[in-house]
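So the structure is just underneath, and the comments pick up after that.
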Amino acid sequence: MTASASAPLPQLTPLIIPCVDIQSGRAVRLYEGDPDRETVYFESPLDAARHWAALGAGLVHLVDLDAATGRGENRSVIARITQELGVPVEVGGGIRDRATAEALLKAGVERVVIGTAAVKNPALVADLIAAHGPERVVVSLDARGLEVATHGWAQGSGLNVADLTPQLADAGLETLIFTDVTRDGTLRGLDRELMQQVRQLWVNTLIVGGGVANLDDVRLLAEEGIHGAIVGRAIYEGTLPYPVPALD
C-alpha cells in the first residue's frame, strides 16, 4: 500500500505517547535498544506511568523488555499498572501468540502491540483483528533503515518494511508503529527522509519512535502527516516538555 504522490498530506496535531520501558521490574530507557545500556528513570514502573498520567497522558505505552529479549517477563507489573493507573495502556514486548495477547486484553490492556510475531506469523495479526477489532491490535515494525529487526531488535529479518505493509493492510490493520532502532534512546532527532519513506508506505494511522528529541521533531511529525510518536528519554530528561506545548 502506497500513498498517492500527488495527494497532499493533512496537517495533523501529533499525539505524544509517553513510553515506560520495563526491565528487571524497573522503568528504564535503552540506548539503541541494547539491554545492557540502560538508564533507570524510576525504580517503579507504576510510579513512572502515574507520573505521565498525572501530567495529562491519555495513553501510556508499556514495553516488557525482558519478554522481548527472552530474559524473563514483567506481566505482574504490567497487570498492576493496567488495574491501577486509570488511563488506557498499550503493551508490547514478547507478545508472540494469541494466548498471550488475549490474556493481556482480558486483563484490561487497551490494545496489544505485536512486533516479532507480525513478521514471523502474519496470520496472528489477522486473527486478533478479526476477534477483537482493529482498535485493540497494533503492529510495531522496528527497523534499521527499512530492514525490519526482530526478537527485541537483536536479529535482522531480511525483510523490508515495504514487504510487510501490504500484508498488514490486507489483515485489516489500522495503526502501525514504526521505530528507528538506530536512533532509539539517543536524542538524535528523527530522520526526516526515513519518516517520509514510511509515511508513503503506510497511509493509515502511523505512530513513530526512535530519536525524538525536542519540539522540532514534533513539528516534523506534523509536516509529514504522521499521527504521533512514542517518546521516552526526551520527556524523561526534559529536552521535550510534557505536556507538549501547542506548535506555533
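The values are calculated or read from the model by the stated rules, or taken from the named source; none is laboratory data. For clarity, every value in this text was computed on a predicted model and none was experimentally measured. Methodologically, a virtual Cβ is constructed for each residue, glycine included, from the backbone with ideal geometry; neighbour enumeration extends over all protein chains shown. With ligands, DNA and RNA removed, areas are computed over all heavy atoms of the protein, side chains included. Shrake-Rupley method; radii C 1.70, N 1.55, O 1.52, S 1.80 Å.
Out of region 195-248, which residues are closer than 24 Å to L168 by Cα, open to solvent by less than 20 Å² (accessible area, probe 1.4 Å) and not aliphatic (A, V, I, L, M)?
R199, W202, G209, G210, G225, G228
Which residues, taken from region 96-112, are touching a Gly at 6+ places or on another chain (Cβ under 9 Å), in contact (Cβ under 8 Å) with a residue 24 or more places away in the chain and either part of a helix (DSSP H, G or I) or closer than 22 Å to S44 by Cα (or both)?
V112
Considering only residues that are outside any helix (DSSP H, G or I) and at pLDDT 95 or above, look in region 113-127 and name the one that is farthest from Q167 (Cα to Cα).
Restricting attention to region 113-127, the residues satisfying the condition of being outside any helix (DSSP H, G or I) are 113-115, 121.
If we keep only those that are at pLDDT 95 or above too, we end up with 113-114.
Numbers: V113: 17, I114: 14 Å.
Ranking the qualifying residues of region 113-127, first place goes to V113.
Can you name the condition, by its number, that R188 falls short on among (1) open to solvent by 50 Å² or more (accessible area, probe 1.4 Å); (2) under 26 Å from A123 (Cα atoms); (3) charged (D, E, K, R)?
R188 satisfies all of (1) open to solvent by 50 Å² or more (accessible area, probe 1.4 Å); (2) under 26 Å from A123 (Cα atoms); (3) charged (D, E, K, R) except (2).
Would you pick out the residues in region 27-38 that are part of a strand (DSSP E or B) and surrounded by 20 or more Cβ atoms within 10 Å (Cβ to Cβ)? Break it down stepwise before answering.
Keep residues of region 27-38 that are part of a strand (DSSP E or B), which gives 27-31, 34-38.
Hits for region 27-38 are A27, V28, R29, L30.
Filter region 94-105 down to residues that are under 16 Å from N121 (Cα atoms) and buried (at least 24 other Cβ atoms within 10 Å of the Cβ), then give me how many there are.
Final tally of qualifying residues: 3.
Restricted to region 152-192, and to residues that are assigned to a loop (DSSP other than H, G, I, E, B) and among the basic types (K, R), which residue is modelled with the highest pLDDT?
The initial filter retains those residues of region 152-192 that are assigned to a loop (DSSP other than H, G, I, E, B), namely 152-154, 171-174, 181-191.
Those still in the list that are among the basic types (K, R) too: 183, 188.
On the way: R183: 91, R188: 94.
Only one residue fits best here, namely R188.
Quickly run through region 175-185 and pick out the residues that are open to solvent by less than 20 Å² (accessible area, probe 1.4 Å) and closer than 15 Å to A234 by Cβ.
Within region 175-185, the first condition is being open to solvent by less than 20 Å² (accessible area, probe 1.4 Å), and the residues that meet it are 175-181, 184-185.
Selection gives T179, D180, D184, G185.
If we keep just the residues of region 39-86 that are basic (K, R) and not in a loop (DSSP other than H, G, I, E, B), which is surrounded by the fewest Cβ atoms within 10 Å (Cβ to Cβ)?
Going through region 39-86, the residues basic (K, R) turn out to be 50, 71, 75, 80.
Narrowing further to those that are not in a loop (DSSP other than H, G, I, E, B): 50, 75, 80.
Numbers: R50: 20, R75: 18, R80: 15.
Ranking the candidates gives R80 first.
Residue by residue through region 170-191, note down the ones that are of a type in the set (G, A, S) and more than 19 Å from L65 (Cβ to Cβ).
So in region 170-191, the residues of a type in the set (G, A, S) come out as 171-172, 185, 189.
A171, G172, G189 - these are the residues of region 170-191 that are of a type in the set (G, A, S) and more than 19 Å from L65 (Cβ to Cβ).
(1) in contact with an Asp or Glu (Cβ under 6 Å, 6 or more places away or on another chain); (2) of a type outside the set (D, E, K, R); (3) assigned to a strand (DSSP E or B): which one isn't true of V20, the others all being true?
Against the list (1) in contact with an Asp or Glu (Cβ under 6 Å, 6 or more places away or on another chain); (2) of a type outside the set (D, E, K, R); (3) assigned to a strand (DSSP E or B), V20 comes up short only on (1).
The conditions are (1) at pLDDT 95 or above; (2) more than 30 Å from G145 (Cβ to Cβ), and S76 fails exactly one of them. Which is it?
(1)
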